[in-house]
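Laboratory data are not the source of any read-out in this text; all were calculated from the coordinates shown. All of these numbers come straight from a predicted model, not from anything done at the bench. Cβ sites come from the backbone with ideal geometry, for glycine too, and all protein chains shown count toward neighbours.
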Amino acid sequence: MAPRPTSPVSHYNGPFYVVTDKGKQHLYPFVCFHCRSCFRRPVLIEGFERPCPRCARTAIPLWTKFKPPPRDDLKQWEKVTALVRSGFFFLPAGRGYPETLSEVAGFVAEHRGSADDWRERWPAYSAATTRALQDISS
């Protein structure tokens with residue numbers, strides 16, 4: 001029997017680990033910005049995108065601690081969209097993420113270096129994010 005992996009898959013260079021040190025898969029919240037839904041799935045090595053089970057459009061994973069707003073809370077979904085569009089994928093940012101849409105601009109300005117670093121480290125994820133946000137008004 002093969003030993004269980006003790007670290008993330010070595011050829012997988014992304015912010016999301018497929019396998020933990022205990023051999024279990026993490027479930028990540030995949031977000032569809034078109035129908036404002038969220039579902040949990042493991043991230044696959046083949047890519048970051050998954051079809052949304054509600055509308056079949058592109059959904060992308062955010063960090064495990066992401067809590068989606070209610071589907072009918074359009075202001076909070078605008079906030080989430082603005083943050084993701086700015087390169088923030090709800091990874092730990094040192095302090096909490098903004099509570100309202102009006103706080104996003106200040107947060108983005110303060111943490112721009114983190115967003116740029118994340119985009120540079122994970123270009124495939126950034127490209128998937130861009131595709132998922134196509135046709136979504138800003």
Could you check, for the stretch 68-81, whether at least one of its residues is under 12 Å from residue 37 (Cα atoms), in a loop (DSSP other than H, G, I, E, B) and within 16 Å of the chain's Cα centre (by Cα)? yes
What's the total number of residues in the stretch 82-94 that are outside any helix (DSSP H, G or I) and either touching a helix residue (DSSP H, G or I) at 6+ places or on another chain (Cβ under 9 Å) or in contact (Cβ under 8 Å) with a residue 60 or more places away in the chain (or both)? 8
Quick one: which of 77, 63, 118 is farther than 15 Å from residue 31 by Cβ and not hydroxyl-bearing (Ser, Thr, Tyr)? 118
Taking the stretch 29-59, which residues are surrounded by 16 or more Cβ atoms within 10 Å (Cβ to Cβ) and either free of Cβ contacts under 8 Å to residues at least 24 places away in the same chain or touching an Asp or Glu at 6+ places or on another chain (Cβ under 6 Å) (or both)? 39, 50, 52, 58
Those residues of the stretch 120-131 which are more than 18 Å from residue 33 (Cβ to Cβ), assigned to a helix (DSSP H, G or I) and not aliphatic (A, V, I, L, M) amount to 120, 121, 123
Kindly list the number of the only condition in (1) under 17 Å from the mean Cα position of the chain (by Cα); (2) surrounded by 16 or more Cβ atoms within 10 Å (Cβ to Cβ); (3) within 26 Å of residue 73 (Cβ to Cβ) that fails for residue 101. (1)
